[in-house]
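All remarks here apply to the structure that follows.
The values are calculated or read from the model by the stated rules, or taken from the named source; none is laboratory data. Everything quoted here is computed from the prediction, not taken from an experiment. As a convention, Cβ positions derive from the backbone with ideal geometry for all residues, glycine included, and neighbour counts pool all protein chains shown.
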Amino acid sequence: MKQTFMSFDHDLADMCAQERRQGLWQNPAASCCSVQPLEQTGGTREKDLPVGEHPLQLYSMGKPNGVKVTILLEELIALEHSNAEYDAWLIRIGEGTQFSSGFVGVNPNSKIPAMVDRSTNPPTRLFESGSILFYLAEKFGAFLPTEHYKRAETMNWLTWQMGSAPFVGGGFGHFYAYAPFRIESAIDRFAMETKRQLHVLDSHLAWNEYMVGDEYTIADIAIWPWYGAIMNDAYDARNSSRSTNTRT
Ligand SMILES: N[C@@H](CCC(=O)N[C@@H](CS)C(=O)NCC(=O)O)C(=O)O
């Protein structure tokens, strides 16, 4: 079974928004992108994860953090790294699959993406998209420069992205597009922060082809699914100058 998870999942986003407007957001287990209640951190359902034939098992879905890992895997396969072949298993976060015991065994934090490298003994569990990108880049010796300055710069931008994304998704995306009611100060704060981050990228990319000069790295792979999605109108936010008071 192979799925791709290559693009922003607008259907899921719409479903989240709908759920919340209908009040399902009060039951975090039933809604996606939820705040995970403490009692669910240990895995609420006894269910093993499926395992396929390839060395790498990916448990994910088509949301920006998941897309990062899929892009890197597909780039590695394009470079003919045959050990980068993977089985991709859809984790339906809207249905709470991330709280199953099998998933929690791979990612105790119950968030996609998660991965298992079964080519090692014992198998290596991986969670946090930045950690997965770094692990794969090191393992395959690709998209992570070896030269001192460029390697440091790659990690600067990779960790910048990991630290910045929650302001975009959990902050701007939530308050602008999905929240059941509108809070002007929250929308303003996170819209400004998202614009500021886009400005940081714009300024840097005015002088650099990629985030690390002329080299395509895991920093670009981490950054594109989030900021590319914003530029492609994720959250229906292109016209974000519209008044926070008039949007319904
Ligand atoms: N810092 C984590 C964030 C992962 C994350 O927030 N995943 C979201 C989807 S984009 C998720 O699984 N949400 C499910 C939930 O909150 O229950 C990473 O980069 O891997």
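The residue pairs whose first member lies in segment 94-116 and is touching a residue at least 24 places away in the same chain (Cβ under 8 Å) and more than 16 Å from residue 66 (Cβ to Cβ), whose second member is near the ligand (Cβ under 10 Å from one of its atoms) and part of a loop (DSSP other than H, G, I, E, B), and whose beta carbons are closer than 8 Å, counting only pairs six or more residues apart or on different chains, are 99/36; 99/110; 104/110.
Among the residues of segment 102-124, which ones are near the ligand (Cβ under 10 Å from one of its atoms) and on the phi < 0 side of the Ramachandran plot?
Within segment 102-124, the subset near the ligand (Cβ under 10 Å from one of its atoms) is 103, 107, 109-114.
Those that are near the ligand (Cβ under 10 Å from one of its atoms) and on the phi < 0 side of the Ramachandran plot: 103, 107, 109, 111, 112, 113, 114.
Quick grid of which residues meet (1) outside the structural domain of residue 134 (by TED's automatic domain parsing); (2) modelled with pLDDT of 95 or more; (3) away from the ligand (no atom under 16 Å from the Cβ); (4) at negative phi:
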residue: 165; (1), (2), (3), (4): yes, yes, no, yes
residue: 170; (1), (2), (3), (4): yes, yes, no, yes
residue: 184; (1), (2), (3), (4): yes, yes, yes, yes
residue: 190; (1), (2), (3), (4): yes, yes, no, yes
residue: 210; (1), (2), (3), (4): yes, yes, yes, yes
residue: 229; (1), (2), (3), (4): yes, no, no, yes
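Residue 147 meets the stated requirement of being modelled with pLDDT of 95 or more, out of contact with any helix residue (DSSP H, G or I) (no Cβ under 9 Å at 6 or more places or on another chain) and within 15 Å of residue 217 (Cα to Cα). Among the conditions (1) surrounded by 14 or more Cβ atoms within 10 Å (Cβ to Cβ); (2) within 20 Å of the chain's Cα centre (by Cα), the only one that residue 140 does not satisfy is (2). Whenever a residue of segment 121-141 is more than 17 Å from residue 103 (Cα to Cα), its partners that are assigned to a loop (DSSP other than H, G, I, E, B), lying with C-beta atoms within less than 7 angstrom and at least six residues away or across chains, give the pairs 137/143; 137/144; 138/144; 140/81. Condition first: touching a Gly at 6+ places or on another chain (Cβ under 6 Å) and at pLDDT 90 or above. Can you find one or more residues in segment 62-70 that meet it? Taking every residue of segment 62-70 in turn, none turns out to be touching a Gly at 6+ places or on another chain (Cβ under 6 Å) and at pLDDT 90 or above. The single residue among 99, 127 that is near the ligand (Cβ under 10 Å from one of its atoms) and over 27 Å from residue 230 (Cα atoms) turns out to be 99.
Taking the conditions exactly as written (away from the ligand (no atom under 16 Å from the Cβ), of a type in the set (D, E, K, R) and outside the structural domain of residue 52 (by TED's automatic domain parsing)), does residue 153 satisfy them or not?
On the way: away from the ligand (no atom under 16 Å from the Cβ): yes; of a type in the set (D, E, K, R): yes; outside the structural domain of residue 52 (by TED's automatic domain parsing): yes.
So residue 153 fits the description; yes.
Summed over segment 27-55, the residues that are within 16 Å of the ligand (Cβ to nearest atom) and either modelled with pLDDT of 95 or more or β-branched (Val, Ile, Thr) (or both) give a count of 4.
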